[in-house]
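First up is the structure itself, then whatever we jot down about it.
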Amino acid sequence: RSDDFTVAMETVTAWAWGPLSFLTFLALLRQHPARYILQLVVSLGQLYGDILYFATEARAGWAHSDPHPFYFWGYFVGLNGLWVLVPALLLLDAGRELARAQRGHDRPRHKAP
């Protein structure tokens with residue numbers, strides 16, 4: 001029997017985050033104006049999924065993880081942690097770029113004489 005949460009999360013990943021990640025990649029390559037909005041959305045979605053994954057596993061008492069310290073800390077926490085670190089950094093980058101754009105937009109405009 002499959003886990004309902006895992007099936008739901010993997011469905012969202014396959015049908016939403018996968019295509020949106022590809023669109024974000026294309027937008028970044030082409031320097032499309034929406035690139036940082038897409039980066040923010042995809043990174044936030046990935047981070048949300050990661051938090052749910054770790055929280056669900058923690059609530060289950062780490063039942064699906066090998067209890068050996070090397071495996072748990074090296075593989076489960078370390079390698080899966082990359083899926084938290086990278087989206088978090090990209091989320092910060094998108095937020096910084098969007099804030100910079102907003103500051104530029106909010107600056108008072110000087111009228112030409």
Surface per residue (accessible, 1.4 Å probe) for the stretch 2-106, Å²: 71 Å²
Are there DSSP H segments in the chain that both extend 27 Å or more along their axis (alpha-carbon positions) and score a mean Kyte-Doolittle hydropathy of at least 0.5? List them, or say none. 35-59
Taking the Cα centre of the stretch 1-70 as origin, work out the dipole magnitude from +1 charges on Lys and Arg Cβ and -1 charges on Asp and Glu Cβ, in debye rounded to 20. 360 debye
May I ask you to derive the relative contact order of the chain, considering only C-alpha pairs under 8 Å and at least 6 residues apart, and to give it as an integer percent? 30 percent
If ligands, DNA and RNA are left out, what is the accessible area of Arg35 with a 1.4 Å probe, given in Å² to the nearest 10? 50 Å²
The percentage of the accessible area of the chain (probe 1.4 Å, all protein chains present) made up of carbon and sulfur atoms, to the nearest whole number, is 68 percent
Using +1 at the C-beta of Lys and Arg and -1 at the C-beta of Asp and Glu, which of Gly74, Gln102, Ser21 has the Cα lying farthest in the positive direction of the dipole of the chain? Gln102
When the convex hull of its Cα atoms is projected in every direction, mean area for the stretch 2-106 (nm²): 8.1 nm²
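The values are calculated or read from the model by the stated rules, or taken from the named source; none is laboratory data. Just so you know, these numbers come straight off a predicted model, no measurement behind them. Cβ sites come from the backbone with ideal geometry, for glycine too, and all protein chains shown count toward neighbours. Note: accessible area is taken over every heavy atom of the protein model, side chains too, but ligands, DNA and RNA are not part of it. Shrake-Rupley method; radii C 1.70, N 1.55, O 1.52, S 1.80 Å.
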